[in-house]
Amino acid sequence: MIKLVKILSWLFVTGSMVLIAGIFYIYTVLVPELPSIENLEYAQLQVPLRVYDRNEVLLAEYGERRRVPVSFEDIPPHLIEAFVSAEDDQYWQHVGVDPMALVAAAYELITTGNKTRGGSTITMQVARNFFLSSEQTYSRKLNEILLALKIEGGLSKEKILELYLNKIYMGKRAYGIVAAAQVYYNKSLLDLTLAQTAMIAGLPKAPSKYNPIRNPERALIRRNHILGRMRFLDYIDDEQFDLARVEPVTAELHVTEKIADAQYVTEMVRAQLFEEYGDEAYKMGLKAYTTIDGNLQAVANRALRQTLLDYYRRHGYRGAIKSIDLSVLEEDPFDAELVSEARVGNLQQAVVTEIIEANENIESTEASETPEVTKAVAKALIADYKTIEIPFENGLDWAAKFEDVNHKGKDPVLVSDVLKVGDVIWVEQRNADLWLLADVPKVEGAMASIDSSNGAIRALVGGFDFFRNKFNRAIQARRQPGSNFKPFIYSAALDKGFTAASIINDAPVVFDDDSLEATWRPENYSGKFYGPTRLREALVKSRNLVSIRILQSIGIRGATKYAQRFGFEKVHMPYDLSLALGSGTFAPIEIARGYSVFSNGGYLVDPFFLQRVVAGNGNVVFRHNPRVVCQSCDEGEVADTADDEATTIAVVLEVPEVAAVIEPLLETTEETITEEGGTEKVDEVVEIDLADEILPVLYAPRVISRQNAFIMRSMMREVVSRGTAVRAKALGRSDIGGKTGTTNDQVDAWFSGFNNQIVTSSWVGFDNQQTLGRRETGGRAALPMWVKYMRVALDGMPETIEDQPEGLVTVRIDSDTGKRATLDSVNSRFEIFRAENAPAEIRVASSTGNGEVLGGVIENTAETEEEIVEDIF
């Protein structure tokens, strides 16, 4: 007995010493090493970069983790109750640690050797998720307990629960309850049913095992268990429990809804912010608001894709992707991965399942009966087990065999001339009821549309499919604009004293120019020469030789310097006479910027795509301050922008203002808690708020006179009304103008046009600069894209023809001579002149034959309303 007492005493003393030593060790070693929780209340959660359009509608999201933080006050009570029931039913009573749960976990470990029960409270999970690793060791568990006690002493229960519900991983890249509701149900928290709330509450324990998409049976068991716990804890009554328990599993994977496919623009935003912030740009919850109009962006995508597909159809069908034997298949060809579900642009794959030829059944028992007609179609299976019909008429009848860019085979007369059962093909859904056979086009295109009053980019497309090729042709591709460049030469001519009625001889000419590689014999597209031609008529009908003679007269040096007023850089313009025919190299956005000068009455604006950037805490860290057109301001002097670096396209597209705002702030940093735990240096830029800062008004410089812009607009409107862009008359508007452009061998096709508010430039061509084929001019290949887009962009916008500015007069002239009309004039029209240049008398000049600006009357040049094929070089 005495021996037993000694043993027990020894054990008591030893245990007490171990306990005291352990407590001493905890409070002198472990507790001081615990991370500070002072900034936990303001912890920086990883929130992805989100890019929005001008109406604050989502365009794109960048970041590994989908998360939308929510405050405790905005969380529905049933959702809180569901998580408490599932994870920690004593949450509102304990102080961070649940002793009974820990004892139960320890007992299970001792008796079974398994660690299936962790005994962690919600507070302990917050400690682990923010500060500790996921390794399962006793030391980490001890630190977890200590941190939980510390957190409970520093934060309210509501704040701890808010941190937990925003932090936890819910599967499918979703972090936090808001993202989970969006991913699985495409709903807000308030719209979730009780059953859906319980389903989400069951995910944190094992996001993969209890995922309702991957394992709906297990997820259902878990959901019903949580509903039972909620009933047991009196969070819901019997009726609510019974209704929720019988609700079927309705979870589906929902991607983030976007108003439009705007990857080319959002990639520009992403690249810019990544350059400033690095990888933190994808974690710090930045919201970037662009100038893009999401609705117009969707229209631009559709216009470009349909235009490129229509071009490809004009040149014949390249054939099916492959053919499979459906008779031996025992499963769906998509499930067997014989047909891809991947899309390219607006195209998807299909497999032909049935061919039905046209048949008119003329046999009838009664003569009065209408014969039964069977339309020719091809039936095909697309993804999701849906069967579509491709009609022969319009859908297949175009599909003559492609031979080369200028030749194709015989037109098909039967569906079977084009397809057979088992063919794997590309199809396009043109509208709700019409499916068309298609090819994935190798030809590419681009479009840039800007607001001419301030340079804001409203829509931008850099190619057929961003994921097929990320090269942004609207910004990065430098292509020859051809006749699309002529308006800038003609504007320079007006500035040098030419008038819209000046007569220039359209006649053969040979140039031995040292700057050219060989003797140059330019000619018109038709191979014809039209003699003396008024300057207006030359632009309307895109006469090459007239443009060359104009450039020769005003001088190459003066013309290149003048072109720089429109934002074009000298380095991209050749110093020879081919400049008159658009042999420089420019991107569509640069051409659009140049045309905006004509649209807005003579001002140079800077294209921009980023309006403002908002940090995760709501502070505005960047606001763009564009130069705006001020029509009511004093005219002042016409600016010479040739040496003004601020007007070059490169500057405005790199958004230098972001760097200007941020760089001075990078020297000051502070420590903040990161989502992974610990601390790191974080730029203090998020503490800057520019929302209320009053930015100075910046005015766009005037680069050409109001009179020059007015005359140029009137000439380019005639390009639409009766010239090379006559197809644009389909819009039924009188206030639009523009110019087509085509280069040698039809390598590039352009159309750029405008009204007084919107300027849009469209381009079509191959990346390898191969020919588009005969007759694929700007008016045929590129103009349809512009028309499809502008039909919507201009919808509801009133037609506006600006008032004629002071200093201009309108005079009736003889259309053949360009001089003031007389009673003997057979063909006459009104023309606009600067007052000092108005014709006062008739003078007839003679030809010198040396390639200079000439005059004289040789033939009748009466205007016609027919469509004109543009000249190219």
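The values are calculated or read from the model by the stated rules, or taken from the named source; none is laboratory data. All of these numbers come straight from a predicted model, not from anything done at the bench. When we count neighbours, we look across all protein chains shown, and the Cβ atoms used for this are built from the backbone with ideal geometry, even at glycine. For accessibility, only protein heavy atoms count, side chains too; no ligands or nucleic acids. Shrake-Rupley method; radii C 1.70, N 1.55, O 1.52, S 1.80 Å.
Values for this structure:
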{"read-out": "Segment 153-240: C-alpha gyration tensor shape, a/c 1.5 cut-off, then a/b vs b/c", "value": "oblate"}
{"read-out": "Accessible solvent surface per residue of segment 562-626, calculated while the other protein chains remain in place, 1.4 angstrom probe, Å²", "value": "21"}
{"read-out": "Charge dipole magnitude, Cβ of K and R +1, D and E -1 - segment 400-538, Cα centre, debye nearest 20", "value": "300"}
{"read-out": "For peptides 395-408, 244-257, sequence by mean Cβ density within 10 Å, most packed first", "value": "395-408, 244-257"}
{"read-out": "Cα gyration tensor shape for segment 289-342, rounded if a/c is under 1.5, else prolate or oblate", "value": "oblate"}
{"read-out": "Sorted peptide list for 59-68, 178-187, criterion being average Cβ within 10 angstrom, highest first", "value": "178-187, 59-68"}
{"read-out": "Protection proxy ranking of 826-839, 434-447 - average other beta-carbon atoms within 10 Å, highest first", "value": "434-447, 826-839"}
{"read-out": "Stretch gain in nm, segment V809-R430, where the contour uses 0.36 nm per residue and the Cα spacing is subtracted", "value": "131.5 nm"}
{"read-out": "For segment 222-359: rounded, prolate or oblate by the Cα gyration tensor [a/c cutoff 1.5]", "value": "oblate"}
{"read-out": "Kirkwood-based Rg to Rh ratio, segment 481-639, C-alpha trace", "value": "1.09"}
{"read-out": "Estimated translational D of segment 509-584 in µm²/s (Stokes, Kirkwood radius over Cα pairs; 10 °C; 1.306 mPa s)", "value": "120"}
{"read-out": "Length released on extending from F471 to V249, taking residue separation times 0.36 nm less the Cα-Cα span", "value": "75.6 nm"}
{"read-out": "Residues T387 and D335, FRET efficiency given R0 of 22 Å [Cβ-Cβ distance, rounded to 0.05]", "value": "0.90"}
{"read-out": "Cut-off under 5 Å, modelled amide H: who pairs with F608 long-range", "value": "A456, I457"}
